[in-house]
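Before any comments, here is the structure.
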Amino acid sequence: MSSFRENKEILVVTKSALSQLKKLLAEHSPTAAGIRLGVRSGGCSGMTYTMDFAESKEPEDQVLELEGINILIDPMSTMYLVGTEMDFVEEKLGANFVFRNPNETGRCGCGESFSV
């Protein structure tokens, strides 16, 4: 599987994920500053991944620029994402972003949250 490695210490984004991010921005928020990726407390295992359109870049954001797409990560989330691969997987009944994070020590049964 080939991937883009802007800052391999923080995040690897696969071609499939990057293609989907481009589509989402073009269709839903073409004027956004990028995609905000983060980690927040929540879920049955303690933490969840978050993604949203970023209206602006915050001064402390880590910015990964991949083929004109900005992925913005706040400093608190950065430490939980180091080494993570972000992929987009299409299956028969659906499609979603998948995070393969070497820092995870556990995952809930539904796969929506994780622990570190």
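Each reported figure results from applying straightforward, stated rules to the coordinates on display, with no laboratory input. A quick note: this is a predicted structure, and the numbers were derived from the prediction, not measured. Every residue, glycine among them, receives a Cβ derived from its backbone with ideal geometry; neighbour counts consider all protein chains shown.
Over the stretch 3-108, the Kirkwood radius and the radius of gyration, each from Cα atoms, give a ratio Rg/Rh of 0.94.
Please list 87-97, 47-57, 71-81 highest first by mean number of surrounding beta-carbon atoms within 10 Å per residue. Working shown, then result.
Working: 87-97: 11.3, 47-57: 15.0, 71-81: 17.5.
Ranking the peptides 87-97, 47-57, 71-81 by packing returns 71-81, 47-57, 87-97.
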